[in-house]
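Let me begin by presenting the structure, written as structure tokens, before commenting on it.
The values are calculated or read from the model by the stated rules, or taken from the named source; none is laboratory data. None of the values given here were measured: they were computed from a predicted structure. Cβ coordinates were reconstructed from backbone atoms using ideal geometry, including for glycine residues, and neighbour counts include every protein chain displayed. To get the accessible areas, we keep the full protein, side chains included, count just its heavy atoms, and leave off ligands, DNA and RNA. Shrake-Rupley method; radii C 1.70, N 1.55, O 1.52, S 1.80 Å.
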Amino acid sequence: MHWSSVAVVTKPAGLPISVGEIRAHLNLEGIPVDDGLLARYIAGAVARIDGPNGIGWAMLAQTWRYTLDAFPYSVIELPGAPVKGVASISFENALGVTETVAPADYRVDLGRDPARISPAPGTSWPSARDVI
């Protein structure tokens, strides 16, 4: 996958597990353990897994932007998982004006990993300006 082409637009709110949950899971109730240290361990583990800077797994809801230089010939494979939906597809036309592809003109397949986007039957990707 092309991780250099992925940017986090909306970061997840919080962490997927709290210090209290870690304490309970590890049976640390009543044992003197630095909660700040546990919080740093959680944040470090999340940083190694979550998002395009980790292994590409979205541990909590967030929004990513995937940028390509041009439309592919057929299918766009989306990096990351799990993909819950596609908000929009935009491109620059030959005049350099940004346009949005109508949702009726493409299909999103979330039942696969990686998730895929393809032109709707009877359509093709629009003619876009090749830009970096």
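Pairing the Cα long axis of helix 35-49 with the longest principal axis of the chain, what angle in degrees results, from 0 to 90 and rounded to the nearest 10? It works out to around 30 degrees.
This model, with +1 at the C-beta of Lys and Arg and -1 at the C-beta of Asp and Glu, gives region 73-132 a dipole about its Cα centre of some 160 debye. Probing with 1.4 Å while keeping every protein chain in the model, the per residue accessible area of the chain equals 68 Å². Computed in the context of the full set of protein chains, the accessible area of the chain at 1.4 Å probe radius has 55% of its extent on carbon or sulfur. In summary, region 1-113 shows an alpha-carbon radius of gyration equal to 1.44 times the 2.2 N^0.38 Å reference for compact globular proteins.
Rounded to the nearest 20 debye, the dipole magnitude of region 5-94 is 40 debye, with +1 charges on Lys and Arg beta carbons, -1 on Asp and Glu beta carbons, and the Cα centre as origin. In this rough spin-label picture, where each label sits 7 Å from Cα along the Cβ direction, the residue 99-residue 120 distance is 1.5 nm. Here the gap between residue 33 and residue 73, fully extended at 0.36 nm per residue and compared with their Cα-Cα distance, gives a gain of 8.8 nm. Enter the Cα centre distance for the pair region 94-110 and region 117-132, rounded to the nearest angstrom. Distance between centres, Cα-based: 7 Å. The three principal axes of the C-alpha atoms in region 5-55 carry coordinate ranges of 46, 17, 16 Å, sorted with the longest axis first. Count Lys and Arg as plus one, Asp and Glu as minus one, and take only other residues whose Cβ is under 11 Å from that of residue 56; the net charge is then -2. Here's the picture: a label point sits 7 Å out from the Cα of residue 57 along the beta-carbon direction, and within region 1-43 the residues with their amide nitrogen under 14 Å of it are 16-17. Compute the FRET efficiency between residue 25 and residue 81 as 1/(1 + (r/R0)^6), taking r as their Cβ-Cβ distance and R0 = 25 Å, and round to the nearest 0.05. My answer for the efficiency is 0.55.
Taking a Cβ cut-off of under 15 Å around residue 96, the surrounding Lys, Arg, Asp and Glu residues balance to a net charge of -3, with basic ones at +1 and acidic ones at -1. Principal axis extents of the Cα atoms in region 68-132, from largest to smallest and rounded to whole angstrom, are 36, 27, 20. Applying both filters, DSSP loop and at most 14 other Cβ atoms within 10 Å, to the trypsin sites (Lys or Arg not before Pro) of region 61-116 gives 84, 112.
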